[in-house]
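This report concerns only the one structure given below.
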Amino acid sequence: MEIAKAYDPKTAEESHYQRWEANGCFAPEINEDPAAPTYSIVIPPPNVTGSLHMGHALQHTIMDVLTRWKRMQGYRTLWLPGTDHAGISVQRKVVEQLKKDEGKSPLDIGREEFVRRAWAWKEQYGNTINEQMRREGASVDWSRHRFTMDESLSLAVRNVFCTLYSEGWIYRGLRIVNWCPRDKTVLSDLEVKEENKKDGKLVYLKYPVKGTDRTITVATTRPETMLGDTAVAVNPSDERYSDLIGRTVELPLTGREIPIIADEYVDAEFGTGAVKITPAHDPNDYLVGERHGLEQLLVMNEDGTMNAAAGKDFDGIDRFAARTMVIERFEELGLLEKIDDYEVSLPICERCKTVVEPILSKQWFVKMDEMRDIALELMRAEGVPHFHPQVPHEKVYTAWLENLKDWTISRQLWWGHQIPAWYDDEGNVFVARTEAEAKEKAGRKELKQDQDVLDTWFSSGLWAFSTFGWTGEATDQLTANSSQLTAETKTDLETFLPTDVLVTGRDIIFLWVSRMIMLTKKFTGKKAFEDVVVTGTVLAKDGKPMSKGRGNGVDPIEMFDKFGVDATRVYLASIATGADIRWNDSGIETYRNFANKIWNATRFCLMNSENAAVDHASLMDRSALSLPDRWIISRLNQTAMDVNRSLSRYEFHTAVSLLYHFVWDDFCDWYIELKKDEINSGDVDATSRILTILEIALRMLHPFMPYLTEELWLKLPGTSSQMHAKVYQNAEATIMLAAFPPGDASAVDQDAEAEMQLVIDTIRRVRNIRTEMNIKPSDRVAVHVAAAAEQQAILAANEAQVLKLARADKLVLAETLDVPKATAKAVITNAEIAVPLEGLIDFDKERERLQNQINKLDVELQRLNGQLSNEDFVNKAPAEKVEALRSRKAEIEQQTATLKTNLEALN
RNA sequence: GCCGACUUAGCUCAGUGGUAGAGCACUCGCUUCACACGCGAUAGGUCAGAAGUUCAAAUCUUCUAGUCGGCACCA
């Protein structure tokens, strides 16, 4: 069979995905047994404006590994893909496009037209990440792809809103919220990030106290808000100001007169001990205002400019320009006391980096206290979700829940789920799924729908169940009597919820994961998922998070082009420990090389495969198996068991490491080398066996390296759909439906492993002698081994292999050595190795070699002696530990004695 | 301010009580008929520092230092 000398990932990547998809291999229905156990994962829906970044690639790799592994195990498997509608991001893109192409604003074209264009934008650009996922090899069921604004998911949103409203969990109220003046919308606390600014200023303003010649000084980082001050507060016990309480100040620049009040909120120690109170522009001031019945004076517009209430001079001025103006005016009036440098932390809009303005606004909120209890109860009673790694995520999650504040869910956007609330002329609100129902409730009056839409995370919070068809309508097949349903009649909702695992980054545990847990439980009574795998962050080479701003990102698509999809996937899996990790090109090269190694190992097996074929029976007849066969079968089964265990614990890096070492070290470096002569000589049985070992290895590798393994598996003679797991018997042959090797404990053969160790050690010591004594690779040597009869027999049975790999032409086995003085020697467990080097040996060098071996053993001997002479150790340590050290000590002493004898013999 | 994580070979990282590991880089030798994206052989760590628990600590506890993260506050 002709097969290229090096693996070219492109070929494999282009040929298999389409066929898998077309054959329905990704859909759970490929599984012929409707009663098979299920395994389901919903994807954290990427932003529809987004393209694939390294975080996606990492998480998708993990999800695909799990999905393919479970599918191969015969589970009825579903990995459900989809995207979210990304309210703010899409809105911004469409606004920009509109301005650029037509010079128009959204208001110019109206809401209906704007939404139409947003859909058009989504249709045109929203598919990028889906195509990239195909390239990744993601085995998602595209027939179940969901979008948060799909009709069914939107119906679910409306029903959830109505239910929560009718139960009093959703309310509309006037609160201080986070306002982004650039996006002109409110944001939830989680969408605002604090940023420390060292170059901030603390401005001290003097307010004249009415009826006196005194002033009272307040300090502020936002001087422009003084235009909205409605009081000055001091601590009631602050004697400096006690005589001023109850008086008023004449608020400069405004002509307004505001009271001086006393409130415990004020810290007399901080600043001047007097605080300006702006109830409409600061959350703490808002509370003070509530306590004292102060006016809430809003002085800012939604775009961050000051409004008419700020005064004629400031009306329409941007907030930062107004800040400068206020300072200047105070200076002119002689009322600016001083300006101090001050480190401030500014709230920043997570998406657009604009400084967020705390502002009084009427918004919709979800009350979180009862919601929180749902999640805490799940964690308390069942420990759900199980976080992997548990530390630190479980603790952070729980702590966050305990301090949860209400969630602002309205957004001043047009793209999204418009809030299903209608108002009559008097401002009465009617919440209903449809306008018709609202009118019904209102007595058929003319109503106007709320202009706001819901937070995108509100709809993604339903993702775990709305994606499976839950709409909140009476027609939903829900859980109550699902036990009466047969497997065939169960809906997706009954079949796949709860999902098995959620794989995500830590940045959206609060934003999304926690809300999904609460909402899923509330509306379906089920858990959203049992486990949450929290991946670390893939950092750039500089140790910082990858970001467009820094320009330090690594594009997964470029990595696919450069190293191949499979290599990238295995590399990502190898770093999936839960900890953050720096991107490292040499790491990914390792797995490019690994892919090539697998390719070439297969190439070798296929070069001589005439008449041979994959044949699982060929491994069963123990009497026909040689030592290397028994050994590799033992290693194979041990590896399979360990890989399964690692995957079940989400220890992806361990699984990769096990597979890497099995394939490269055990299979390629030893097994292939040991069997080479047999294979090359056309031994059909030997070739069938090696093909079979390889075939099983490819299956284990498949979840990590889907393209390479499929490409090679299909080339192996004898592979067919007969090798599929039994629930996929009628599908077209593909490795992705082959049974995942479970590993067989009874095939693990400790004797074979010990015997092989003797062969390996013998070969290694001879190679070592050759290198250190500068023997040319082309020169053959004689190998003498002194050992007991049992060891002699093992080596005798593998003489050809030892000779070949040690590049020797003679193997002499005896109880004791009979060699000339000019001989290099070494000791291994249960044997002594000697290589006569007449005329070639450098006696000084051989002395040095022997002395080095003695020295190394001596270091270990010292330590063993130390431990064994410690009575506490001997008395208290487990007996088998003590015994192990004793026997190791005896061995070392014996080996040292031999080496010393040999050293003396050279003199 | 509170909470947490991390600190192991030159680099990037595994390793949750019993002889310190990997990949890459480095050194030496190989056009050995699957693979130079390779083969063979070496070298390289008082596991951040200190104290404690234990027969035994990279691993458990406490403290210190440094790095990073989350939360809170911020007139």
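Key figures
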| quantity | calculated |
| --- | --- |
| Anisotropy class of chain A from Cα gyration tensor, a/c 1.5 cut | prolate |
| Within straight-line cross-link reach of A:LYS439, lysines at Cα separation under 17 Å, skipping those fewer than 8 residues along the same chain | A:LYS448 |
| Overall form of region A:202-265 per C-alpha gyration tensor (a/c, 1.5; a/b vs b/c) | oblate |
| Pairs of alpha carbons in region A:13-106 whose separation is greater than 18 Å (percent) | 61 percent |
| Neighbour-count ranking [beta-carbon atoms within 10 angstrom, fewest first] of A:HIS281, A:HIS784 | A:HIS784, A:HIS281 |
| Long-range HN-HN contacts of A:VAL532 with modeled amide H, under 5 Å | A:HIS386, A:PHE387, A:HIS388, A:LEU502 |
| Span from the region A:565-589 Cα centroid across to the region A:229-278 one, whole angstrom | 59 Å |
| Whole-Å distance, taken between Cα centres, linking region A:105-171 and region A:879-901 | 70 Å |
| Over 25 Å between alpha carbons, listed pairs A:LYS198/A:LYS353; A:LYS597/A:LYS675; A:LYS276/A:LYS362; A:LYS100/A:LYS193; A:LYS193/A:LYS395 | A:LYS100/A:LYS193 |
| Ranked list, fewest to most other Cβ atoms within 10 Å of each Cβ, for A:LEU658, A:LEU333, A:LEU817 | A:LEU333, A:LEU817, A:LEU658 |
| Mean separation of Cα contacts under 8 Å (6+ apart) over length of chain A, as relative contact order % | 12 percent |
| Principal-axis tilt of helix A:627-648 within chain A, Cα atoms, nearest 10 degrees | 10 degrees |
| Dipole of chain A, positive direction: furthest Cα of A:VAL538, A:MET607, A:ASN284, with charges on the beta-carbon | A:MET607 |
| For region A:317-397, Kirkwood radius (reciprocal of mean inverse C-alpha pair distance, Å) | 18.2 Å |
| Rounded tilt (10° steps) of A:319-332 against the dominant C-alpha axis of chain A | 50 degrees |
| Cα gyration tensor of region A:219-303 - equivalent ellipsoid semi-axes, whole Å, descending | 21, 13, 12 |
| Cα centroid separation - region A:767-827 against region A:682-743, whole Å | 39 Å |
| Average projected area [Cα convex hull, region A:521-575], square nanometres | 6.4 nm² |
| Residues A:CYS162, A:CYS352 arranged by fewest to most Cβ contacts within 10 Å | A:CYS352, A:CYS162 |
| Net dipole in debye of chain A [+1 Lys, Arg Cβ; -1 Asp, Glu Cβ; about Cα centre; nearest 20] | 720 debye |
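Since every read-out is calculated from the coordinates, none of them should be taken as a lab result. Small disclaimer: the values here were computed from a predicted structure and weren't measured. Glycine also receives a Cβ, built like all others from the backbone with ideal geometry; neighbour counts cover every protein chain displayed.
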